[in-house]
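A quick write-up on the structure given underneath.
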Amino acid sequence: MMDANEREVYRAAIHGDREAFEMIIRTQSRPLFAIAYGILQNREEAEDAVQDTLVKAWKSHWRVRDPEKFPAWLCMIARHRARDVFRKRRPVSISEIPETVESEPTDTTIIDRQLHSALASLPEIHRAAISLRYFEEIDYATIENRLGLSNGSLRGILGRALATMRKQLKPALASEQP
Amino acid sequence: MTIHDEIDNYLAADLHNELSEDEQNALHSHLVECADCRKIHQETKIMNKVLEEKFTNEKPDSAFEQRLLAGFRNRISNRPGTIAKFIVDLMRLRATQIAAVAAVLLALVQVGRLITGEGPRSLRNREYDVREEFAQRSASISHGRNASDPKAKKTEQEGGANFADTYRKDDITRLGVRTPTDLILKVPASAGAGRSQYATKNAATAPAQEKGESTPENDDEKMVAAAPPEPQTEASPAAAAVLGNRKLIRNATVELEIVSFDQAVQKITAFASEEKGYIATTSSEKQENGKLKGEIVVKVLPENLDRFLQKIRGLGELKNQTLGTDDITKSYFDTEARLKNARMMESRLIDMLKKKSDDINDLLQVEKELGRVREQIEQMQGELKFWDSQVQFATVTISLAEKDLEAAAKYLLKERAQLALYTPEVEKVYNDLKGLASPKVQITNAQLDRDNTGRVSAKVSMLIAPEESEGVIAKAKAMGRVENFQVQTERVAQGGEEMSENATTKRDKVELNITISRDEQEQAFQETSLRIRTSSVDEKAKKLRDLAEKQNGRVRNSSFSRDPDGREYANVSLRVPMKNYNALMQSLDSLGKVENVSVQRQDRSGGQIDEANAPADLSIQVYSQGNIVSSDTGLIATLRRTIAQSAGAIMWSLRMIGVAIAFLAPWIAAIVGGIWILRRIRNRRS
């Protein structure tokens, strides 16, 4: 599952080794970003969320016992953090997002916008899974581990997510299709 | 589930390279067959591509990690561990956590005990009592050597150390241990580390005490060592000489049962002269039954005493023998010495007289003194002579008694008769009995009692000449119903206590005590109890009374009651003459179902009883069935009780939970509050 070297790094981080933790920041922040982005659909916010996640993880690193569970735990914090941010910005976002999108009315942005709304309509866990997959191209087993999903359930989640989006984007895609 | 149904999942997994080889093959062969799926496949592919494009655009730039790291370093200062960090690190250790939990639990338990006030106080008191008791006991064992120790019982620890100390000293004295190192070893293991430390401290002072104590002990040993030679001198060959000088008075008493008194006296006289002794006194006494008993005092030489006693034993049955020796050596020689002094005094006084003083007064005084001294001398001489005679001859006192000494001379036959009569007319019988008086029938006591309820009873006692007794008793019996008649005959021996064949027997006057009472008080000859079950209790009880009256019976008491279950009871007690008993019993069947019949018959011994007229008691309970299930049994009642009990149990456990919460709540609140504050502090700092 996890090689010995990796485990050693996690163990050190759990025990408060700052260098090990910074090492983890280097390797794990992109998956964390993927998750946060999946939920928030906004890069700046996602980055802030990851930043918060890391700080929070460092402060409460002693709560984890098993190095194996450390990445999953990080992901969990990131999800919670992102959800918090999402909830807080909710009232503002509706008026804000179309504006920014409308500023560049190109052909790609139409699809982009539709894609955006299609993604937003997915359940949170689907978004997180998709962004993990497409950002980092991580294999299914690892994604399941990170998101705390049971073995083999990711295939169904991604299949459904893709199908939903495919149905929603059908007209837009048809126009793009040569 | 076919691939067709799950085409979305398969397609997605295929695009993400997550299908196994078999699945891939299966998917591809399905796509060849199914046009719909092919279409979806195409669309999904596009979808995938769009997504890939989108996310590649959105990917964080290469400086992303650096930014995050910088931000992280900014927010988390790199200063080395503060106290808070140390505490946090400490909390990470499982041992610390367990210890903390244990400490919290312990604290809770202690607080709980403090609140309820039951556990610790009584426990400590008991412990203290035991210690105190032990300390006192050990103090008393060590003969108060440590009892005066001012430190005793001051505090528990000191008290404990103190008793350990006394214990140790006991061991020293008992076992004779001398070295201080041994002393420490003697401290009981239970005394613990603290106490042994105390003991070590005391050990330094102990040897000094030991020296002081050992001196009397050594003296004792010397004395014991010196003691043994004493008995040895006594056992030496010189003993015989000492014994020879001794003045011993030997006495013996013998009690014998012999066949013939005279013969025995003759034989004893012969034995006495054989042993160079003599008969000092004899006395004899004739008993009422012709037997003789007496006492003979024989004086024999002390050295022959044992042989003489041996001979006497052959005379008859030895009942008792004592042999005593009185050592008068000391007082004998004392008296002898005093006698010598008195003699010297006498001669000096005589010398004084010879000087012929002129003063008459002086002369008189000397004469007076001389008289006193001479009196003393005579007294002492007499005493010595008496002792000499006593020592010279041993005294044997023989008590003789002929066999069957206790046999009775004659017997008196005493007859005592008790008669209890029941009659309706007490006074008439009483007067009739008094009318029996004649020279041969003597009325010793007659009384008529009437108590405040109007009941009359009488007692008559008479003494009847033996020849008249039977006739008078028969007459008395005829006057009423005999409840009890008892005759006691006693043979009184006169002039002795034991049986004798040829003693005469004489009849004495017969004592007759008669008690007369009205027949209501008479105890029933037969008691019957039964139950009659019927539906109408009241009516049947009335009918029962009618029946009883028909059979010449009387209702003694009756009662009626109804219990909570609706059952009715009528209790009736009746008395009928025995002759009507059976008829009544049969008529009872008409009242209802007769149950639980129990008959108790009192067969009286020693009296002729008029059975036909003897009273028979019946106690009859007439009752109705009532409710089958009483109000306090049955399903509802049981349910009610069960619910009540379980409600009680729940209330009890609620109370317990409440108590537990009362114990825990403040602590939990404190702990949570503490953690919250700690976290706030840490958050602010970061």
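Values quoted throughout were computed directly from the atomic coordinates according to the rules given, and no laboratory measurement underlies them. Fair warning: this is a prediction, and the values are worked out from it, not measured in the lab. Neighbour counts run over all protein chains shown; Cβ positions are idealised from the backbone, glycine included.
Using a Cα-Cα cut-off of under 22 Å, which lysines could be cross-linked to B:Lys414, ignoring same-chain neighbours fewer than 8 residues away?
Within the straight-line cut-off, B:Lys414 pairs with B:Lys440, B:Lys459, B:Lys475, B:Lys477, B:Lys506, B:Lys509.
For the stretch B:333-344, take each phi angle, set θ = phi - 60°, evaluate the Karplus expression 6.51 cos²θ - 1.76 cosθ + 1.60, and give the result in whole Hz per residue in order, putting x for glycine and proline.
5, 4, 4, 4, 5, 5, 4, 4, 4, 4, 4, 4
Where does each of A:His61, B:His4, A:His80 land when they are ranked from fewest to most other beta-carbon atoms within 10 angstrom?
Fewest to most other Cβ atoms nearby, the residues stand as B:His4, A:His80, A:His61.
Using a Cα-Cα cut-off of under 26 Å, which lysines could be cross-linked to A:Lys167, ignoring same-chain neighbours fewer than 8 residues away?
Those lysines meeting the cut-off are B:Lys39, B:Lys45, B:Lys49, B:Lys54, B:Lys59.
What is the fewest-to-most order of B:Met651, B:Met380, B:Met345 by other Cβ atoms lying within 10 Å of their Cβ? Can you show the working numbers first?
On the way: B:Met651 10, B:Met380 20, B:Met345 17.
Starting with the residue having the fewest Cβ neighbours, the order is B:Met651, B:Met345, B:Met380.
When the convex hull of the Cα atoms of the stretch A:1-70 is projected onto a plane and the area is averaged over all directions, what value comes out in nm²? Display every interim value, and only then the final one.
Values: hull surface 18.6 nm².
Convex hull of Cα atoms, orientation-averaged projection: 4.6 nm².
Which ordering of B:Phe386, B:Phe72, A:Phe70 is given by a fewest-first count of other beta-carbon atoms within 10 Å? Mind dumping the intermediate values first?
On the way: B:Phe386 10, B:Phe72 20, A:Phe70 23.
Least to most surrounded, the residues fall as B:Phe386, B:Phe72, A:Phe70.
Can you tell which of B:Leu305, B:Tyr332, B:Leu315 lies farthest toward the positive end of the dipole of the stretch B:290-374, using +1 and -1 charges on the Cβ of basic and acidic side chains (Lys, Arg; Asp, Glu)?
Comparing the listed Cα positions along the dipole, B:Leu315 ranks first.
Thinking of the stretch B:269-309 as a set of Cα atoms, what percent of all their pairs are more than 17 Å apart? Mind showing how you got there, number by number?
Values: 334 of 820 pairs.
Tail fraction, whole percent: 41.
Taking the Cβ of B:Lys414 as the center, what net charge do the other residues with Cβ under 15 Å away carry, scoring Lys and Arg +1 and Asp and Glu -1? Walk me through the numbers on the way to the answer.
On the way: positive: B:Lys410, B:Arg416, B:Arg491, B:Lys506, B:Arg507, B:Lys509; negative: B:Glu415, B:Glu490, B:Asp508, B:Glu511.
Around B:Lys414, the surrounding residues sum to +2.
Check which residues have an amide H placed less than 5 Å from B:Lys410's amide H, if you skip close sequence neighbours.
B:Gln494
Along the principal axes of its C-alpha atoms, what lengths does the stretch B:432-580 span, in descending order and rounded to whole Å?
Computed over the stretch B:432-580, the largest-to-smallest principal extents equal 78, 37, 31 Å.
Give me the net charge of B:Gly648's neighbourhood, meaning all other residues with Cβ under 15 Å from the Cβ of B:Gly648; Lys, Arg count +1, Asp, Glu -1. Don't skip to the answer; put the middle values down first.
Numbers: positive: B:Arg640, B:Arg641, B:Arg655; negative: none.
So the environment of B:Gly648 carries a net charge of +3.
Where Lys and Arg each count +1 and Asp and Glu each count -1, what net charge lies around B:Met344 among other residues with Cβ under 12 Å from its Cβ?
+2
Taking amide H atoms as placed 1.01 Å from N in the peptide plane, list the residues 5 or more away in sequence, or in a different chain, whose amide H sits under 5 Å from that of B:Arg562.
The list, which skips near neighbours in sequence, is B:Tyr569.
Tell me, what HN-Hα J-couplings in whole Hz come from the Karplus equation 6.51 cos²θ - 1.76 cosθ + 1.60 at θ = phi - 60° for each residue of the stretch B:505-516, using x for Gly and Pro?
Coupling constants for the stretch B:505-516: 10, 10, 8, 9, 5, 8, 9, 10, 10, 10, 10, 10 Hz.
Counting other Cβ atoms within 10 Å, keep those with at most 15, restrict to DSSP loop, and tell me which trypsin sites (Lys or Arg not before Pro) in the stretch B:354-407 are left.
Numbers: sites: B:Lys354, B:Lys355, B:Lys356, B:Lys368, B:Arg372, B:Arg374, B:Lys385, B:Lys403; in loops: B:Lys355, B:Lys356, B:Lys403.
Filter output for the stretch B:354-407: B:Lys355, B:Lys356, B:Lys403.
Please report the projected area of the stretch B:644-684's Cα convex hull averaged over all directions, in nm². Can you show the working numbers first?
Values: hull surface 12.2 nm².
Orientation-averaged projected area of the Cα hull: 3.0 nm².
Reported to two decimal places, what Rg/Rh ratio describes the stretch B:16-64 when computed on Cα atoms with Rh from the Kirkwood expression? Don't skip to the end; give the middle numbers.
On the way: Rg = 15.3 Å, Rh = 12.9 Å.
When Rh is taken as the Kirkwood radius, the ratio is 1.18.
Starting from the Cα of B:Lys385, draw a straight line to each of the lysines and keep only those under 22 Å, dropping any in the same chain fewer than 8 residues away.
Straight-line reach from B:Lys385, under 22 Å: B:Lys247, B:Lys276, B:Lys299, B:Lys330, B:Lys340.
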